[in-house]
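The values are calculated or read from the model by the stated rules, or taken from the named source; none is laboratory data. Please read all numbers here as calculations on a predicted model, not as lab measurements. Every residue, glycine as well, gets a Cβ built from its backbone with ideal geometry; the counts of neighbours run over all protein chains shown. All accessible areas refer to the heavy atoms of the entire protein, side chains included, with ligands and DNA or RNA removed. Shrake-Rupley method; radii C 1.70, N 1.55, O 1.52, S 1.80 Å.
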Amino acid sequence: MKKIFKIIIINILLLIFFLFAIEIFIWGCENLRMKIYNEEYIGKLPLPFHPEVKNSEIDINSFSNEKNKYVRTPEGLNYKNKPIVIFGCSYAYGYKLKKNQTFSHKLSIQTKRPVYNRAVAGWGVQHMLYQVKQDEFYKKVPEPEYVIYLEMKDHFRRAYVTTFLSGQLLNEDYYLTFQYKNGKLLRTPKVESHQIYRRLYLFNKLHHYYVNNIVLNPRNYDKYSKFIIEHFVESRDEMKKHWKNTKFVILLYNSFYNDSLFKKSLEEKGFTVIKIPDITNVDLYSSEYLSADYHPTEKAWNLLTPIIIDKLKLNN
């Protein structure tokens with residue numbers, strides 16, 4: 001019995017050592033990758049090894065803070081026309097653009113409407129859903145005529161992953177996601193400090209692999225597209241509890257697998273959907289319209305904003 005017990009203990013210790021070695025290896029590789037690609041967006045490299053758990057939280061009031069460089073404050077509040085609300089990620093936020101170069105600014109100026117930009121770099125459709133579930137949101141944002149969500153292809157992945165990029169992985173910044181249960185989207189339980197398996201870099205890397213190669217496999221299109229569409233439907237349903245006359249628009253910025261079918265499915269749910277590649281013959285992937293870090297340039301929004309305004313008849 002003692003011999004068996006000793007073998008069990010030795011194997012447990014070897015497993016712990018093996019996992020620790022893998023964690024160190026992943027930590028080193030991810031820090032090196034961030035250094036090569038100049039990704040010091042969280043802190044000075046190397047980032048600490050398993051610092052502490054940080055679950056994603058959204059401060060509804062932060063969008064009124066001019067000093068917060070991660071958000072855009074409302075535009076055109078002096079205009080009397082009904083407002084527009086924009087949701088999305090860094091595309092909608094205007095990553096590395098000055099405020100007057102962004103889609104939201106140009107939309108406000110050209111339509112003479114207040115525009116509330118509720119997008120933040122790295123976000124996805126789940127961050128819209130989270131916001132509109134909060135009563136505080138409606139105290140900050142008046143009823144708009146239009147809600148516009150700017151969708152790009154990585155939002156499918158973001159609806160599932162545990163961490164967003166290498167920095168969040170190493171820093172233990174856990175991503176906001178929802179899971180579908182009993183016909184409703186519920187927030188995925190937060191990661192707790194004692195949940196060692198959920199905190200492992202290895203676990204999170206394997207989860208990324210699972211999402212990219214299995215969940216988002218084209219063979220599973222029906223399942224993952226329905227999951228994303230449910231985010232849109234529930235977001236709209238939440239907003240309708242407060243806003244009775246708002247129109248809901250989804251802009252599909254990129255081409256992606258089955259994008260025409262995805263557009264049709266959204267339209268069947270009552271959304272207005274515009275595929276950006278269909279409204280211009282310009283190559284939006286050229287260096288004029290897409291920055292070196294793969295975001296729309298000001299020239300892209302100079303081109304697209306008036307076309308989108310015309311398509312939605314925002315000046316009528």
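If the segment from Ile196 to Lys247 were pulled out straight at 0.36 nm per residue, it would be longer than the present Cα-Cα gap by 13.9 nm. Taking all protein chains as shown and a probe of 1.4 angstrom, Asp59 keeps an accessible surface of around 90 Å². Placing a label point 7 Å from the Cα of Gln179 along the Cα-to-Cβ line, no residue of the range 221-240 has its backbone N under 15 Å from it. When the accessible area of the chain is computed with all protein chains present and a 1.4 Å probe, what percentage of it is carbon and sulfur? Its accessible area is 56 percent carbon and sulfur atoms. Using a simple spin-label model with pseudo-atoms 7 Å out from Cα toward Cβ, Gln110 and Asp237 lie 3.5 nm apart. Using the Cβ-Cβ distance between Asp283 and Lys153 with R0 set to 25 Å, the FRET efficiency from 1/(1 + (r/R0)^6) comes to roughly 0.90.
Among the trypsin sites (Lys or Arg not before Pro) in the range 167-199, those placed in a DSSP loop whose Cβ has at most 15 other Cβ atoms within 10 Å are Lys190. All Cα-Cα distances of the range 16-133, cut into 5 Å bins from zero to the largest, leave 2, 10, 15, 16, 15, 12, 9, 8, 5, 4, 2, 1, 0 percent in each bin in turn. To check you understand DSSP bridge types, tell me what percent of the beta bridges within the chain (both residues inside) are antiparallel, rounded to 5. Rounded to the nearest five, the antiparallel share is 25 percent.
Pairs with C-alpha atoms separated by more than 32 Å, drawn from the list Lys106/Lys223; Lys44/Lys112; Lys264/Lys299, are Lys106/Lys223; Lys44/Lys112.
In the range 201-316, one over the average inverse separation of all distinct C-alpha pairs is 16.7 Å, which is the Kirkwood hydrodynamic radius. Would you please state which residues of the range 287-316 a label at Asn254 would reach in this model, taking the label point 7 Å out along Cα→Cβ and a backbone N cut-off of under 11 Å? Those under the cut-off are 294-295.
Please give the net charge around Ile274, taking every other residue with its beta carbon less than 9 angstrom from that of Ile274, where Lys and Arg add +1 and Asp and Glu add -1.
Net local charge, Ile274 excluded: +2.
Straight-line reach from Lys96: which aspartates and glutamates fall under 19 Å, measuring Cα to Cα and dropping same-chain residues less than 8 apart? Cross-link targets: Glu39, Glu40, Glu66, Glu75, Glu151, Asp154, Glu288, Asp293, Glu298. For the range 49-198, the percent of C-alpha pairs falling in each 5 Å distance bin, counted from 0 to the bin holding the largest distance, reads 2, 9, 17, 20, 19, 15, 9, 6, 3, 1, 0. Normalised per residue, the accessible area of the chain is 53 Å², obtained with a 1.4 Å probe and no contribution from ligands, DNA or RNA. A Förster radius of 35 Å combined with the Cβ-Cβ distance from Glu66 to Tyr37 puts the calculated FRET efficiency at roughly 0.70.
For Thr177, the shell of other residues with beta-carbons less than 10 Å away shows a net charge of +2, using +1 for Lys and Arg and -1 for Asp and Glu. In loop segments of the range 1-75 as defined by DSSP, the chymotrypsin sites (Phe, Trp or Tyr not before Pro) with at most 16 further C-beta atoms inside 10 Å of their C-beta are Tyr37, Tyr41, Phe49, Tyr70. Among the listed pairs Lys80/Lys313; Lys241/Lys275; Lys67/Lys240; Lys54/Lys226, those whose Cα-Cα separation exceeds 22 Å are Lys241/Lys275; Lys67/Lys240; Lys54/Lys226. Which one is right for this structure if semi-axes √(5λ) of the Cα gyration tensor in Å is calculated from it: (i) 39, 21, 20; (ii) 58, 21, 19; (iii) 33, 25, 17? For semi-axes √(5λ) of the Cα gyration tensor in Å, the calculated option is (i). Once the Cα atoms are used to define both axes, helix 221-240 deviates from the longest principal axis of the chain by about 60 degrees. As an exercise, use a Förster radius of 41 Å and the Cβ-Cβ distance of Ser291 and Ile9 to find the FRET efficiency, rounded to the nearest 0.05. Once rounded, the FRET efficiency stands at 0.15. The range 92-138 and the range 166-214 have Cα centres separated by 26 Å. Net charge in the neighbourhood of Asn212 (other residues with Cβ under 12 Å of its Cβ; Lys, Arg +1, Asp, Glu -1) is +2.
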